[in-house]
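Undergrad: Handing you this structure, nothing more for now.
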Amino acid sequence: GASAEDCWLACMPLFHVGGLSILTRSCLMGCAAVVHPGFDAAEVVAELERGRITHISLVASMLDRILRFDESARAPSSLRCALLGGGPTPAPLIDEAVERGWPIAPTYGLTEATSQVATRPPGSAASKPEGGLVPLPGNQIRILNSEGSEAPVGQAGEIWISGPTLMRG
């Protein structure tokens, strides 16, 4: 949902696909990117308070450190999307962020697929923090059981992904 009018804060390391994809998306969308040399909760909060950042990508520990930096602070009104990936996020952390106005968009991705392959729309995380991810355009995701058939909802299975961003081999 980024456009040329947006500004993405890159506070993740650029050597990792999560950080690199911020720059790639910014180039593809024609939007600005503000690049921090690393993650510092105080600097991220100050950047957000300037009011120009519309998008940010974080992992759970980064979000937690931002929320702990100022226990009463709310997300700035300029922030439209906070992608949250890199692994599972505790539901209480998502609930607190949403209560404080953060437009949380949980994501699932992997380096072999050039980062993100599925996301929940911002604002829908509070109702059910787990699951409900929607594949990004061009991606297909299936959960297969040990026999190679679609696993019923709620049953464990193996994640199968296909799409134009998935590496070959």
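Undergrad: Can you pull the one-decimal nm distance between simple spin-label points at Glu49 and His36, each 7 Å off the Cα toward Cβ?
TA: Using points 7 Å along Cα→Cβ, the separation is 1.3 nm.
Undergrad: Hey, can you grab everything whose amide H is under 5 Å from the amide H of Val34? Only 5+ residues off in sequence or another chain; H modelled, so Pro and N-termini drop out.
TA: Hits under the 5 Å cutoff: Trp8, Leu9, Ala10.
Undergrad: Pull up all non-local amide H partners of Ala118: gap of 5 or more, or a different chain, and H-to-H distance under 5 Å with H placed in the peptide plane.
TA: Tyr108, Leu136
Undergrad: Using the Cα centre of the chain as origin and beta-carbon charges of +1 (Lys, Arg) and -1 (Asp, Glu), tell me which of Pro88, Leu144, Thr114 is placed farthest towards the positive end of the dipole.
TA: Positive-most Cα among the choices belongs to Thr114.
Undergrad: Here is a follow-up. When the helix-only estimate is applied to the chain (DSSP H runs of n ≥ 4, each -39,500 (n - 2.57), divided by the residue count), what is the mean residue ellipticity at 222 nm, nearest 500 deg cm²/dmol?
TA: Rounded to the nearest 500, the figure is -7000 deg cm²/dmol.
Undergrad: Which whole-number percentage describes the relative contact order of the chain, with Cα contacts under 8 Å and a sequence gap of 6 or more? Write out the running numbers ahead of the final one.
TA: Working: 292 pairs, mean separation 25.5, N = 169.
Relative contact order for the chain comes out at 15 percent.
Undergrad: From the phi of every residue in region 86-98, what ³J(HN,Hα) in whole Hz does the Karplus formula 6.51 cos²θ - 1.76 cosθ + 1.60 yield, where θ is phi - 60° and glycine or proline is x?
TA: Computed from phi, the couplings for region 86-98 are x, x, x, 10, x, 4, x, 5, 4, 4, 4, 4, 5 Hz.
Undergrad: Any chance you could give the angle, 0 to 90 degrees and rounded to 10, that helix 60-69 forms with the longest Cα principal axis of the chain?
TA: Its long axis makes an angle of about 20 degrees.
Undergrad: Further, regarding this structure: Compute, for the chain, the length of the dipole vector about the Cα centre, with Cβ point charges of +1 (Lys, Arg) and -1 (Asp, Glu) only. Units Debye, rounded to 20.
TA: Details: 12 positive and 17 negative charges, 68 e Å.
Result for the chain is approximately 320 debye, rounded to the nearest 20.
Undergrad: How much length is gained if the chain between Ala91 and Ser72 is pulled fully straight, taking 0.36 nm per residue apart and subtracting their Cα-Cα distance, in nm to one decimal?
TA: Working: separation 19, 0.36 × 19 = 6.84 nm, distance 1.90 nm.
Value of the extension gain: 4.9 nm.
Undergrad: Given contacts defined as C-alpha pairs under 8 Å and at least six residues apart, what's the relative contact order of region 84-169, whole-number percent? List each step's numbers first, then the result.
TA: Numbers: 123 pairs, mean separation 19.6, N = 86.
Rounded, it is 23 percent for region 84-169.
Undergrad: Moving on to the next point. Only bridges with both residues in region 58-169 count here: give the DSSP antiparallel percent, nearest 5.
TA: Once the DSSP bridges in region 58-169 are tallied, antiparallel ones form about 70 percent.
Undergrad: Follow-up. Any idea how far apart Glu5 and Leu23 come out in nm if each label point goes 7 Å out from Cα toward Cβ?
TA: Label at Glu5, label at Leu23, 2.8 nm between them.
Undergrad: Further, regarding this structure: Would you mind computing Rg(Cα) / (2.2 N^0.38 Å) for the chain, counting N as its residues?
TA: Taking the Cα Rg and dividing by 2.2 N^0.38 Å, one obtains 1.06.
Read-outs: derived from the displayed coordinates by stated rules, not from any lab. Worth saying up front: this structure is predicted, and the values here are computed from it rather than measured. In this analysis, Cβ positions are derived from the backbone assuming ideal geometry, glycine residues included, and neighbour counts consider all displayed protein chains.
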